[in-house]
Ligand SMILES: CC(C)(COP(=O)(O)OP(=O)(O)OC[C@H]1O[C@@H](n2cnc3c(N)ncnc32)[C@H](O)[C@@H]1OP(=O)(O)O)[C@@H](O)C(=O)NCCC(=O)NCCS
């Protein structure tokens, strides 16, 4: 478990499926993600199963819980995906699925915990990420935690009836150390 001031990151449990189904079937949430088909219980069960088997060494996923007094509440998830043992690289992903918890700094704190884990525990050299050009909150988060904008995939993503640019980000271990 990774503990911050207002949030903690914990391992995924099978019982989290109900949260994942709620978050990943919410059109307001998934408008910002690559997901576009309804998320099924079977698909989530399979993904969770794979986290403990075929993806065990290439995919780390945490549930984000907000600390509220003596209790905690799951509000989203984040992870490092496609961890590459040769290049020491991975892809970053984050979703606060509980919309009432957007814009309160929890995403930024969770991202910092996760990136620190990637560099300090997984010995990563580089973490990549991406966001749609209209996702201003996510773009702000990436810049706040130290990602650099590295380019744009023009009209790479079709969402809500039109094509959007995908903004590419990256952060290197030395840049993180310097922050
Ligand atoms: C993107 C996401 C993870 C950010 O987490 P969060 O907890 O809501 O964000 P934070 O509060 O930590 O930071 C958001 C920042 O964006 C800023 N922001 C919000 N709306 C903005 C807008 N329209 N334009 C510019 N900045 C904006 C906030 O002011 C804040 O910056 P500040 O701390 O300097 O004031 C979360 O909102 C989320 O999960 N959204 C839906 C799914 C998603 O977009 N995932 C990322 C896919 S790349």
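Just so you know, all these numbers are worked out from the coordinates, no wet-lab data involved. Computed from a predicted model, the values in this text were never measured in an experiment. Note that each Cβ is placed from the backbone with ideal geometry, even for glycine, and that neighbours are counted across all protein chains shown.
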Rh by Kirkwood over Cα pairs, then Stokes-Einstein D for the chain at 1.306 mPa s and 10 °C, µm²/s
94 µm²/s
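Compactness ratio of segment 113-179: Cα Rg over 2.2 N^0.38 Å, N = residue count? Walk me through the numbers before you get to the answer.
Details: Rg = 13.4 Å, N = 67, 2.2 N^0.38 = 10.9 Å.
Ratio of Rg to 2.2 N^0.38 Å for segment 113-179: 1.23.
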Show me the ranking of peptides 36-42, 24-30 by mean Cβ neighbours inside 10 Å, starting with the highest.
24-30, 36-42
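For the chain, what is the calculated [θ] at 222 nm in deg cm²/dmol (nearest 500), taking -39500 (n - 2.57) for each run of four or more DSSP H residues and dividing by its residue count? Before the final figure, lay out each step's value.
On the way: 6 runs with 52 residues, N = 179.
After summing the helix terms and dividing by the residues of the chain, the value is -8000 deg cm²/dmol.
Kirkwood Rh and Cα-based Rg: tell me the resulting Rg over Rh for segment 70-174, rounded to two decimals. Walk me through the intermediate numbers first.
Working: Rg = 14.4 Å, Rh = 14.6 Å.
Computed over Cα atoms, the ratio is 0.99.
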With just the Cα atoms defining each centre, how far is segment 8-29 from segment 43-89? Give it in Å.
11 Å
State the antiparallel share, in %, of DSSP beta bridges confined to the chain, rounding to the nearest 5.
95 percent
